[in-house]
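The values are calculated or read from the model by the stated rules, or taken from the named source; none is laboratory data. These numbers were taken from a predicted model, which means no experiment stands behind them. Note that we place each Cβ from the backbone using ideal geometry, even for glycine, and neighbour counts take in every protein chain shown.
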Amino acid sequence: MPTARIVPLFDLDGTLVDSDAALLAPFTALGVAPDRVPLGLPLGEACALAGIRVEDYVARYDTGAVQPFPGVDELIAGLSNWGVCSNKTRAAGRAELTRLGWAPVAALFSEDFDRAPKQLGPLLAVLGLDPAEVIFVGDTEHDRVCARASGVRFALAGWNARVRAEPGDTVLRHPSDLLELIT
């Protein structure tokens, strides 16, 4: 596998893992209609919108329910330098990374942003990288905004059928398409 010149950073839910059903299940179990809470928000914000406590959501979230999108395992296996920036809680995110056998160089989660929306700046600092040295792959408008706010190139995880491209987006149809952008 070629050595990456550009370091890929990834959102986790909806980008590397197919997690929509797992993310919505606790809301449903707590009597919240799934269409009341948009995906991609920090957990505290999503729970506030739904009128439930974060603790109640976390108690019902199953970290074993998510699976990688087809082709993601193979992509990750070939990367030596990559990172994760997610609105997911640290405990859930780390549990999922460990279960999947994935070891990013750095992974930051909701607690690393004081439970505010994720930001790439802290991850860039941990990795010692400039915005021009990375690409952020995500699946939501929140991810697109996160990349723009840090001056980082954005690519849309087009393998997720739920994503909606905007003019100017780089859309990756398959995880392996990223290799053309980083080597």
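Within region 26-38, the residues that satisfy the criterion of being surrounded by fewer than 17 Cβ atoms within 10 Å (Cβ to Cβ) and out of contact with any Leu (no Cβ under 6 Å at 6 or more places or on another chain) are Thr28, Ala29, Leu30, Gly31, Ala33, Asp35, Arg36, Pro38.
Of all residues in region 80-96, those being touching a residue at least 40 places away in the same chain (Cβ under 8 Å) and surrounded by fewer than 21 Cβ atoms within 10 Å (Cβ to Cβ) number 2.
Residue pairs whose Cβ atoms lie under 7 Å apart, separated by 6 or more positions or on different chains, with the first residue in region 24-47 and over 15 Å from Ala92 (Cα atoms) and the second assigned to a loop (DSSP other than H, G, I, E, B) and charged (D, E, K, R), are Cys47/Arg53. Against the condition modelled with pLDDT under 95 and crowded, with 21+ Cβ neighbours inside 10 Å, how does Thr63 come out, does it pass? Here the answer is no, as Thr63 does not meet what is asked. Has region 12-25 got at least one residue that is at pLDDT 95 or above, hydroxyl-bearing (Ser, Thr, Tyr) and within 20 Å of Val137 (Cβ to Cβ)? Looking through region 12-25, at least one residue is at pLDDT 95 or above, hydroxyl-bearing (Ser, Thr, Tyr) and within 20 Å of Val137 (Cβ to Cβ). Annotation for region 160-182: at least one member residue is of a type in the set (Val, Ile, Thr) and either more than 21 Å from Val72 (Cα to Cα) or in contact with a Pro (Cβ under 7 Å, 6 or more places away or on another chain) (or both).
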